[in-house]
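Student: This structure is in structure tokens; I'll ask about it shortly.
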């Protein structure tokens, strides 16, 4: 937040802006790139989470905590279906790219 010039907030207050408007029109646009990085990292971590689930529950009970990374691991190493695991990994990669592309487009510099 320190990268946003405080004079913008002062000018907004002089113009009669309310705190919500300051947040919406000054803070959010000023932090657009940081928000994009946070969303990108969170999406990748959520879709690629394997280690914590494997160590703690191994996808159980049943398949309630199975995540895509764990299913890829099971298919490749437990069921020896390497081709299906590879296809699922590609689908996961495409899903990550499709979910991150709009975020990157919205947070790009508009110069």
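The values are calculated or read from the model by the stated rules, or taken from the named source; none is laboratory data. Quantities reported herein were computed from a predicted structural model and do not represent experimental measurements. Virtual Cβ from ideal backbone geometry, glycine too; neighbours counted across all protein chains shown.
Student: Taking region 50-63 only, how many residues are over 14 Å from residue 74 (Cβ atoms) and either at pLDDT below 80 or surrounded by 15 or more Cβ atoms within 10 Å (Cβ to Cβ) (or both)?
Tutor: Here the count works out to 0.
Student: Follow-up. Looking at residue 23 and the list (1) out of contact with any helix residue (DSSP H, G or I) (no Cβ under 6 Å at 6 or more places or on another chain); (2) within 30 Å of residue 92 (Cα to Cα), which single condition is not satisfied?
Tutor: All conditions are met except number (2).
Student: Kindly list, by first and then second residue, each pair from a residue in region 84-100 that is in the same structural domain as residue 46 (by TED's automatic domain parsing) to a residue that is loosely packed, with under 15 Cβ neighbours inside 10 Å, limited to pairs with Cβ atoms under 7 Å and residues at least 6 apart or on different chains.
Tutor: 96/44
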